There are 2 protein chains.
Amino acid sequence: MRADMLTAVLSELNGTSADIEASAVISTDGLIMSALLPAGMDEDRVGAMSAAMLSLGSRTSHELACGELEQVLIKGDKGYVLMTDAGENGVLTVLAKPNARLGLIFLDVKRAAENITKLL
Amino acid sequence: MRADMLTAVLSELNGTSADIEASAVISTDGLIMSALLPAGMDEDRVGAMSAAMLSLGSRTSHELACGELEQVLIKGDKGYVLMTDAGENGVLTVLAKPNARLGLIFLDVKRAAENITKLL
């Protein structure tokens with residue numbers, strides 16, 4: 001089952017680092033394909049905000065001569081949102097703690113995104 | 001002259017790293033206060049895209065429980081766009097090369113944003 005395999009990738013990712021609080025695979029039009037979110041966090045909201053950020057991020061990247069969008073990172077005072085391209089059809093969104101080690105998160109997320117790309 | 005002082009901060013920032021290709025200080029409503037951009041890059045476009053990204057980034061950060069927006073990073077295959085909060089009224093937007101050392105860029109940009117905050 002592909003849905004189970006996606007969830008397994010997210011479960012492994014969330015388990016890799018205590019800094020990762022949530023993760024989700026989202027279609028490029030903002031629909032959730034798989035999600036491991038904290039209780040109380042709305043799937044649809046994560047999907048919708050991810051799709052909106054990626055759409056505008058892609059336009060910004062092109063307009064400012066930075067080419068094809070690969071990643072968007074949002075840093076807030078209470079945490080990070082990291083959205084990473086996962087092939088043509090998917091996006092991996094990860095929520096991390098404010099003091100997360102970004103270098104490790106980038107590495108783990110990149111690996112997970114490659115695995116998701118193969119599954120979609 | 002405040003405009004000259006802003007330009008001096010940007011000039012120092014661009015000179016700090018060969019990876020930084022352009023920088024600009026933008027009001028939170030998207031108007032350019034000072035900019036050091038490559039020839040052919042439109043100031044208004046940089047201002048407009050920065051303001052749009054920050055507005056949506058702020059909303060995303062709040063909606064996904066990450067608090068007040070501090071920074072937005074866009075990674076494209078041809079470079080980075082980094083937008084950093086510079087006080088209540090300003091935003092520092094920096095364009096960097098695709099292979100830029102992000103750790104150094106974050107450090108230099110943080111210092112420049114602090115200096116800009118004092119000037120605005």
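The values are calculated or read from the model by the stated rules, or taken from the named source; none is laboratory data. Not measured: the values here are computed from a predicted model. Neighbour counts run over all protein chains shown; Cβ positions are idealised from the backbone, glycine included.
List of remarks:
- Taken over the range A:85-101, residues that are surrounded by fewer than 18 Cβ atoms within 10 Å (Cβ to Cβ), within 20 Å of B:GLY103 (Cβ to Cβ), touching a residue at least 24 places away in the same chain (Cβ under 8 Å) and not polar (S, T, N, Q) amount to 2.
- Condition check for B:ALA22: at pLDDT 95 or above, part of a strand (DSSP E or B) and small (Gly, Ala, Ser): yes
- A:LEU82 within 11 Å of chain B (Cβ to nearest Cβ) and either surrounded by 17 or more Cβ atoms within 10 Å (Cβ to Cβ) or of a type in the set (Lys, Arg) (or both): yes
- Residue in the range B:68-87 that is farther than 21 Å from A:THR60 by Cα, modelled with pLDDT of 95 or more and in contact with a Gly (Cβ under 8 Å, 6 or more places away or on another chain) present: yes
- Flag if B:GLY67 is more than 9 Å from chain A (Cβ to nearest Cβ), of a type outside the set (A, V, I, L, M) and not in a strand (DSSP E or B): no
- Test: residue in the range A:10-30 that is in contact with a helix residue (DSSP H, G or I) (Cβ under 7 Å, 6 or more places away or on another chain) and without any contact (Cβ under 8 Å) to a residue 60 or more places away in the chain: yes
- B:SER61 vs. criteria more than 9 Å from chain A (Cβ to nearest Cβ), modelled with pLDDT of 95 or more and buried (at least 21 other Cβ atoms within 10 Å of the Cβ): no
- Residue check for A:ILE105: more than 27 Å from B:ALA24 (Cα to Cα), of a type outside the set (Asp, Glu) and surrounded by fewer than 24 Cβ atoms within 10 Å (Cβ to Cβ): yes
- Taking the criterion of being surrounded by 15 or more Cβ atoms within 10 Å (Cβ to Cβ) and among the polar types (S, T, N, Q), the residues of the range A:9-58 that qualify are A:ASN14, A:THR16, A:SER17, A:SER23, A:SER27, A:THR28, A:SER34, A:SER50, A:SER55, A:SER58.
- Selected residue (criterion: farthest from the chain's Cα centre (by Cα)) from residues of the range B:42-58 that are within 7 Å of chain A (Cβ to nearest Cβ) and hydrophobic (A, V, I, L, M, F, W, C): B:LEU56
- So B:THR28, is it at pLDDT below 95, hydroxyl-bearing (Ser, Thr, Tyr) and under 12 Å from the mean Cα position of the chain (by Cα): yes
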